[in-house]
Amino acid sequence: MKTPLDNFIDSLHETFCSGEVVDTLTRSQINMVLEDNPGNRKGYVEFITNPAFKASRGVYRVPAKDGTVPVSQIFAVAKKTVESSKAVLNTIIAPKCDKSLVPASDPDFVAFGDYRIVYNLVNANSFFPVYITGESGNGKTKMVYEACAKARRELIRANITEVTDEDDLIGGFRLVDGNTIWQDGPAIEAMKRGAVLLLDEINLGSPKIMCLQPILEGNPIYIKKTNELVYPQPGFTVIATANSKGKGSSDGRYMGSNILNEAFLDRFAITIEHDYPSTTVETKILNQILAKNKVTDKDTVDFVPRLIEWAAAIRNTFREGAIDEIVTTRRLIHIMNFYIFSGTKNRMKAIEYCIARFDDETKASFKSLYQKFDATMGINNTWDDFVMPQTSDEA
């Protein structure tokens, strides 16, 4: 015997649905059917209050017709996911992550540049896409993480590559324990949670990332594979980071950088040009490392300003076009950590290990330049004086 719910769904099929596939209807469309069937208000209430039929905000999933099993027996009121059956999609929806995605704050973080602007935009809980561009290793991604941590905003990061496609970003079907499971991609998960979506290294993307077009407009996106219309929840926004402005890399330093679609780029409200920190800020960053590791000896403390001056000189020379490589803030942190943790207490060797990836000519010029900023060179920092500390096994 059919229930009021079964009868109401039959009315939905007669008015709007094909009856052969799972369809979605808006609340206004469902209300129209109620107006034509005022005597079945009970079935209407059961339908709109049943979480099994809820696709997204203001959108409801209507199951396909099945002449053998009443809809009321297929959908239990307490169900939170759509079960596999002839009346619905032959998939299971993967459960939503219930763990907080608010990043942990780094107590050693030093704010600089446009951090305050990024924090204010994140803290506003409004949709406002931002494109952050700048050289490698200057803290673009770190700045976004710390802004979200301070604002207590959930952050979902998607690293973009040349092969990133709709399946990676929007979601796709996965085979798990013999079941076909739909898993939302990072973009959809961020929309549903009202989180910040971080598209890292977006300049490496191909035209396949154009699937994000409606999302970058703040509009709902229709997932054709699940017949679901997903609305962005309050607070959802997008931040992209890149080493270029989406016009490729003319000097070849950022291999794989692509020219992004102009219509795609135009959907970002603002572009932030993030530069390396000032010498004052960079000094504070390295001194934070010393404080964290409780390092106070004069030789190590004196190493910090020498590194800062050296890096600043290299960057100025790079901007003038005289050299093709640069020493990033990230690399200065690596040098200082190696100097502390390796036990070498040899400034030049700490530098050599951390610039070893460069070609011989660049390494030689960088080392030669450092000697001009450090009067101790040639006294206690030569290769012959370098001895690796003994391990416990060697002692």
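Bear in mind these aren't lab numbers, they're just calculated from the coordinates by the rules spelled out. Since we're looking at a predicted model, the values are computed, not measured. Counting neighbours? That spans all protein chains shown, and the Cβs are built from the backbone with ideal geometry, glycine included.
Odds and ends about this structure:
- Relative packing of peptides 281-290, 262-271 - highest average C-beta neighbours within 10 Å first: 281-290, 262-271
- The label-point distance for R319 and M1, in a model that sets each label 7 Å from Cα toward Cβ, rounds to 8.3 nm.
- FRET efficiency for D299 and N261, using Cβ-Cβ distance with R0 set to 45 Å, rounded to 0.05: 0.25
- Shape of the range 155-239, Cα gyration tensor, a/c cut at 1.5: oblate
- Ranked packing of 182-188, 117-123, 161-167, most packed first, by mean Cβ within 10 Å: 182-188, 117-123, 161-167
- Span from the the range 279-339 Cα centroid across to the the range 175-197 one, whole angstrom: 41 Å
- Using the Karplus relation 6.51 cos²θ - 1.76 cosθ + 1.60 with θ = phi - 60°, the per-residue 3J(HN,Hα) values for the range 202-209 come to 5, 5, 8, x, 9, x, 5, 6 Hz, with x marking Gly and Pro.
- Applying a DSSP loop filter and a limit of 11 other Cβ atoms within 10 Å to the GluC sites (Glu not before Pro) in the range 110-154 leaves nothing.
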